[in-house]
1. All other residues with a Cβ under 15 Å from the Cβ of Ala111 taken together, and with Lys, Arg as +1 and Asp, Glu as -1, what is their net charge?
2. Could you work out the relative contact order of the chain? I mean the mean sequence separation of Cα pairs under 8 Å and 6+ apart, divided by the number of residues, in percent.
3. Taking 41 Å as R0, compute the FRET efficiency from the Cβ-Cβ separation of Met89 and Leu12 and round it to 0.05.
4. Hey, got a sec? Which GluC sites (Glu not before Pro) in region 25-117 land in a DSSP loop and have at most 15 other Cβ atoms within 10 Å?
5. What is the sum of charges, Lys and Arg at +1 and Asp and Glu at -1, for the other residues whose Cβ falls under 9 Å from the Cβ of Tyr32?
6. In nm, to one decimal, how far is the Ile20 label point from the Asp96 one, both placed 7 Å along Cα→Cβ?
7. How about region 46-106: which trypsin sites (Lys or Arg not before Pro) there lie in a loop by DSSP and see at most 16 other Cβ atoms within 10 Å?
8. Please report the orientation-averaged projected area of region 24-155, defined via the convex hull of its C-alpha atoms, in nm².
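Every number here is computed from the coordinates shown, using simple stated rules; none is lab data. Just so you know, these numbers come straight off a predicted model, no measurement behind them. Here the Cβ is made from the backbone with ideal geometry for all residues, glycine too, and neighbour counts use every protein chain on show.
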Amino acid sequence: MSDNTFDTDSFLDTQIEQNIDTTFEPIPEGDYPATVMDGDNAINIRSGVSTKGNAWCMMDVVWEIDDKKLAEEIGRNPLRVRQSIFLDMTKQGGLDLKKGQNRQLGFLREALGQNSEGQPWSPRMLQGQPALINVGQRPSSENPEIVYNEVKRVTRLV
């Protein structure tokens, strides 16, 4: 699929005889140098309405860990981990910039040197930026055998 086209009919008729792996070795908890991915899947926005009827919005930032040794040990390259940030929005659909709102986003921008007053900024400017990320693990609420990795904290790369 080098030309980025996906043939649904061909896929649905494809037969395989090999089992598909159901194991996943999570990234060990700890601090890692990483870079926000570049490209279409680097930053994703999700939104919806909670079961209580409250609207919500999240921004997912995908980081690539820069650790070749760890990638070899785990058997995955690249090593990617997601940072999910709840966004406080105004009724008009923009970021709420009042005091105390969007602190997680503020911490991320601060770590990347992108949180200066008067400096134009957009989420796409996160792409390709390096930082030190703290990776944690979270068990699935549906299946405790499944462990998810998530970015817990981002700090400036020294």
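1. For residues surrounding Ala111, the net value is +3.
2. 26
3. 0.60
4. Loop-located and lightly packed - Glu29, Glu117.
5. -3
6. Once both label points are built, they end up 4.0 nm from each other.
7. Hits after loop and neighbour filter: Lys52, Arg76, Lys91, Lys98, Lys99.
8. 9.5
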